[in-house]
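Asks: Below: one structure in structure tokens.
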Amino acid sequence: MTKGKKSIPIFIIYLLIGALIGGVLGEVLANVTPYLGWMALGKDPLFNIDVKNIDVYILSFGFNFSMSFNVGSLIGIIVGIIIWKRS
């Protein structure tokens, strides 16, 4: 891949990894010290898709998808964007 052309799937991977690592670090740091309690703000889901049960005679399944961010995950997303731009 050339330096001038950036890949969208790689960008999405950087965003997801940044959000995941930042979210986990935000939760851990908020529990370790009271001064960083603000890192865990925003635990409520941004959106929630919840289909309790779909029953189609011989097959029954349920589906749930929710997404929530905290301050740490937003910082991780920003760091992921910075790393993606520099790579």
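The values are calculated or read from the model by the stated rules, or taken from the named source; none is laboratory data. Everything numeric here is computed off the predicted structure, so don't read it as measured data. Note that we place each Cβ from the backbone using ideal geometry, even for glycine, and neighbour counts take in every protein chain shown.
Asks: Look at segment 28-87 and say how many of its residues are of a type in the set (Val, Ile, Thr) and free of Cβ contacts under 8 Å to residues at least 40 places away in the same chain.
Replies: Total satisfying the criteria: 9.
Asks: Scan segment 28-72 for residues that are more than 13 Å from the chain's Cα centre (by Cα), part of a loop (DSSP other than H, G, I, E, B) and of a type in the set (Ser, Thr, Tyr) and jot them down.
Replies: Once the filter is applied, which keeps residues that are more than 13 Å from the chain's Cα centre (by Cα), part of a loop (DSSP other than H, G, I, E, B) and of a type in the set (Ser, Thr, Tyr), segment 28-72 yields THR33, TYR57.
Asks: In segment 73-87, what count of residues is obtained for those that are farther than 19 Å from GLY42 by Cα and part of a helix (DSSP H, G or I)?
Replies: Total meeting the criteria: 7.
Asks: Kindly indicate the residue of segment 33-87 that is surrounded by 10 or more Cβ atoms within 10 Å (Cβ to Cβ), at pLDDT 80 or above and aromatic (Phe, Trp, Tyr) and also nearest to LEU20 (Cα to Cα) among those meeting that condition.
Replies: Filtering first and then ranking leaves PHE69.
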